[in-house]
Structure formats: structure tokens, C-alpha cells
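So the structure is just underneath, and the comments pick up after that.
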Amino acid sequence: MSTAAAGPFAARHLFVGLFDDAALFPPGNAAMIRAVPAHLGYRGSPDADLVGPFLCPASRLDELRDALDDETSLDLVVVVDTGTGGVAGAVAVVAGDDRLELRGLEVPLRAEPDLGAAARRAAAAVLDAVPPDHSTIFVEVPRSESAGAALDVLAEYDLAAKLRTGGADPSAYPTEDEIAEFVVSCLDREIAFKLTAGLHKAVRNTAAETGFEQHGFVNLLLAVSVALAGGDRALVAVELADRDAQAVADRARRLSTDRAAQIRSWLRSVGTCSIREPIDDLVTIGLVPGTASR
């Protein structure tokens, strides 16, 4: 039976393992010698349960290994920046190092007119290189009118999808309608997904530093709930657009534990180059306790 959330921090389970550590990637661009100790520090903090795996480009795996001491272990997602031909080598490097546990792969699709064909080539290449009991494979789908064809292929091969939700230019931020289309399209095809970039804040906002319109990760979680309840793209977009932090937080608290688990079974994680910032924002809107509250 579904149980209703209760208490100010009852929604914490909604955020367990949500934040993938993308410190190496723009705009953070952290040095490896700083990013690895920082990640290990997060994993040893009171908020360790909210922190997901460390993301590393395939081209920097040797650098990552050099940054680890012999007693350190690391949950890892490899971002394949070497082309699909480099997948087998990257998987072999991780498999050959007992300190590394492969939790997933992320493979970007090239932006080309026929994304369905691109997705089929990528899927075939990746699955040929990865063992049958593979970790989750996310295929990054560019924003395109043919994105649906790519999602059809991911559903066929039982792969997950990734959408980029921000960047260094305002044009890199999809609209609420675009994200709603992606969310509903993934759920219609029973495809798990993740989102990355521009998700430092819990609630929809205008970034003070840049003036960019940024999406909120709690809005995104609630948008998935709306879609799971049968809401159409328009209703999902309304949820994504809500800037009322208190109202958004209250809706998150009211989610049942069963609904929270359903949401996270589809929206697996968000990538962020700053683990601390989104967690601190959850503290600010009262969804997780601050350090002094523990």
C-alpha cells in the first residue's frame, strides 16, 4: 500500500543517489587532483546518500587511475568521448582496476538528420563491446525533430536516454515544452533517462550571474510524477515552469514513497558539476536538513 510522506524532510528519499558528480565537465572543469578528493569527501559526508557516481571521460581514465590511491574505491560512470570504437577499451580499463566499479556508460549521438540511424549504429557498437550484464547505458539524444526516432531505437535495445538541459549559451537550454516532450516520449516508450547541465537549483529560476532561464531539478521530478499520473505534455510543462519554491517543495513532500520510487525508476539521475550547490538548495527550501539540524 502506498504510504504518504510526512514531516518536513520526508521527501529525502526522492533525492537518494540523484546527483551524479560531473565536476570534470564544463562549466566546472575541475582538475582531476581536486575533483577526486572532493568526490570522496562528499561520499563521506552526512549527505552521502544523495551523491551518485563520479563521471569521467573515457579519454581521462588513466589520469583518474593515477589520482586514486591503492585503498580507494570509486563508483564510476564513463562518458564515452572517444567514439563508439573506444567503448570496449574503456570498459576493459575499468574492469582491470579493482578500485573502479562501473555503474554506467554515457554515449553521445552525433547531431545528424537521421538520429534513428545514428542511434542504431551507436547501440550496435556499444552492446557489441559491453557484456550482457552491462551497467546502465545512457545515450545522449540531441534536440532534434528526429529525436523520437532515436528514442524508438533505444526502446528496442533497452537503453536509457540522456538529455542536455543547459550549457554556456542560452540556446543550450530547452524550453519547458521541449523537456515535457522528452519526458512524455520516454515514458510512453518505457525508457529510463537522465538529465544534465544547468540543474544547480531545485526550482525553475533565472540565473543571477548570466540571466539564463534555468530548470529546477525538483520541478523535473514532479513533472515525471505528473506524466505518470496521465498528465499530457501541457500539464507537464506547467509543472516545469513553476517558480514558487514553497509550492514546489510542498508538492514534493506530499509524494508517497511508492510514487517517489516510481519517479526515480524513470528519472535515474541529474548530472551536476557542483554537488554542493543543489544539495544546499534543497536545504534552503527545507527538503533536506542542514548540517546543524543533524
Inset, instruction - Amide H neighbours of Phe25 under 5 Å, at least 5 residues apart or on other chains, H built in the peptide plane: list them. - result: Ala30
Inset, instruction - Give a residue-ordered list of calculated ³J(HN,Hα) values for segment 14-19 (Karplus: 6.51 cos²θ - 1.76 cosθ + 1.60, θ = phi - 60°; whole Hz; x for Gly, Pro). - result: 5, 10, 5, x, 6, 9
Inset, instruction - May I ask you to compute the full-extension gain from Glu112 to Gln246, defined as 0.36 nm times their residue separation minus their alpha-carbon distance, rounded to one decimal in nm? - result: 44.1 nm
Inset, instruction - For segment 196-211, take each phi angle, set θ = phi - 60°, evaluate the Karplus expression 6.51 cos²θ - 1.76 cosθ + 1.60, and give the result in whole Hz per residue in order, putting x for glycine and proline. - result: 8, 5, x, 10, 7, 10, 5, 10, 3, 7, 9, 5, 5, 6, 10, x
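Among bridges DSSP assigns within the chain, what percent are antiparallel (round to 5)?
Values: 2 of 33 bridges.
Counting only bridges with both partners in the chain, antiparallel ones make up about 5 percent.
Among Tyr157, Tyr173, what is the fewest-to-most ranking by other Cβ atoms within 10 Å?
Exposure proxy ranking, most exposed first: Tyr157, Tyr173.
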Legend entry - From phi via Karplus (6.51, -1.76, 1.60), per-residue ³J(HN,Hα) for segment 137-144 in Hz, x at Gly/Pro: 10, 9, 10, 6, 9, x, 5, 6
Legend entry - 25 °C / 0.890 mPa s Stokes-Einstein diffusion coefficient of segment 161-243, Kirkwood radius on C-alpha pairs, µm²/s: 195 µm²/s
Legend entry - In segment 63-142, the GluC sites (Glu not before Pro) that fall in loop regions by DSSP, at most 11 other Cβ within 10 Å: Glu71
Legend entry - √(5λ) per eigenvalue of the Cα gyration tensor, the chain, largest first, Å: 28, 25, 18
Inset, instruction - Taking H placed 1.01 Å from N in the peptide plane, check which residues at least 5 places from Val139 or on another chain put their amide H under 5 Å from its amide H. - result: Val107, Ala160, Ala161, Lys162
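Taken together, the values in this text are just the output of simple stated rules run on the coordinates, not laboratory data. Note that the structure is a prediction, hence the values are computed from the model and not measured. Glycine gets a Cβ as well: all are built from the backbone with ideal geometry, and neighbour counts include every protein chain shown.
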